[in-house]
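Just so you know, all these numbers are worked out from the coordinates, no wet-lab data involved. This structure is a prediction, so every number in the text was calculated from the model and none was measured. Here the Cβ positions follow ideal geometry from the backbone for every residue, glycine too, while neighbour counts run over all protein chains shown.
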Amino acid sequence: MPRVVVHVMPKPEILDPQGKAVAAALPRLGFEGIASVRQGKRFELEVEGEVTEQVLASLREAAETLLSNPVIEDVVSIEVEDGAAGEAQA
Amino acid sequence: MRIGVVTFPGTLDDRDALRAVRIAGGEPVALWHGEDDLQGVEAVVLPGGFSYGDYLRAGAISGFAPVMEKVVDAAKGGMPVLGICNGFQILCETHLLPGAMIKNAHRAFLCRDQPLAVENTRTAWTSGYEAGQVIRIPLKNQDGQYVADERTLAELEGEGRVVFRYTAGATHGPAGFEANPNGSRHDIAGITNAAGNVVGLMPHPEHAVEAGFGPDQPGEGTRSGTDGLAMFTSVLRSLVG
């Protein structure tokens with residue numbers, strides 16, 4: 001079954017309190033030299049049947065209406081992964 | 001005067017909102033998120049809590065609940081709608097109100113009695129206040145930081161649509177957040193739509209409607225605060241008028 005991966009990130013101009021919290025914790029664990037962290041979301045959508053241009057367009061719409069809020073977030077990528085190829089590699 | 005209060009899975013403050021409607025003199029009507037029926041109510045309150053576990057984003061999944069289709073249509077037709085806390089987040093997610101809420105800038109949950117300046121008394125929910133009046137009601141949230149782009153903020157300010165603004169005098173809080181509890185742009189605590197029938201705010205008027213059960217009002221005694229009640233009496237009066 002093909003998989004479509006959607007990445008959503010907070011807009012660059014929006015403060016990311018979660019990323020800041022992670023950035024503050026890293027040096028406490030000895031991980032130095034990381035200037036900043038921004039935290040986003042990854043969605044994995046398993047698609048029934050073939051991922052046609054039409055299916056992709058509808059997923060793009062889903063990404064922009066439900067998976068992200070355009071006021072504070074950007075959909076940074078929508079990628080099609082071939083499930084069969086993924087299994088072959090594993 | 002029937003006023004509906006919607007319960008979503010994870011809503012916490014529906015009972016207090018129903019009680020506030022009753023104390024104000026209205027007939028409270030419980031509405032269920034999964035039913036696309038407003039049961040003939042004349043106004044709707046979206047109460048606070050963590051609907052759908054705040055999964056995805058606060059208010060995001062609730063925005064697509066069956067009852068919300070009816071609420072959005074009714075709001076566009078002029079029905080008074082009030083969103084409190086999670087309800088405000090839902091109103092933003094459905095785009096009835098502009099902007100969005102992100103995590104508090106200090107990254108912690110904050111609960112305190114919060115003074116607010118009432119800046120717009122022309123809405124369906126605030127006509128019972130005096131312009132410039134400072135009220136004191138509870139605030140309790142984690143995702144309370146109001147954000148919007150500069151154009152939207154300029155529009156809200158230019159059209160007088162900032163209804164409540166955070167102001168100094170809260171009980172306590174992290175350093176740097178004495179007046180503004182969460183880093184909200186322009187100290188915005190609540191806004192309205194262009195028509196003035198839809199209002200959203202982060203603090204909780206429904207917890208400040210009955211003496212003995214409200215916030216501490218300085219100079220008046222423990223739990224004496226009832227500054228939230230006028231929101232509910234305002235809407236009842238706006239429906240009569």
Contact order relative to length for chain B, counting C-alpha pairs under 8 Å separated by 6 or more residues, stands in percent at 20
Please determine, in degrees from 0 to 90 and to the nearest 10, the orientation of helix A:53-62 with respect to the longest principal axis defined by the Cα atoms of chain A, where the helix direction is its Cα long axis. 40
When all Cα-Cα pair distances of chain A are considered, the percent exceeding 21 Å is 47
For B:N141, what residues show an amide H to amide H distance below 5 Å, using hydrogens built from the backbone and excluding near sequence neighbours? B:L110
How high is the FRET efficiency from B:E157 to A:A57, r the C-beta distance, R0 56 Å, rounded to 0.05? 0.90
Pairs B:K103/B:K140; A:K20/A:K41; A:K11/B:K103; A:K20/B:K103; A:K11/B:K76: which exceed 22 Å Cα-Cα? A:K11/B:K76
May I ask for the equivalent-ellipsoid semi-axes of the protein assembly as shown, computed as the square root of five times each C-alpha gyration tensor eigenvalue and listed largest first in whole Å? 37, 25, 17
Semi-axes a, b, c in Å (a largest) for chain B, each sqrt of 5 times a Cα gyration tensor eigenvalue, come to 24, 21, 18
Distance in nm between B:A131 and B:R22 label points, each 7 Å along Cα→Cβ, equals 3.7
Long-range HN-HN contacts of B:H33 with modeled amide H, under 5 Å: B:T7
Calculate the spin-label point distance for B:E220 paired with A:E44, positioning each point 7 Å from the Cα along the beta-carbon direction, and give it in nanometres. 5.6
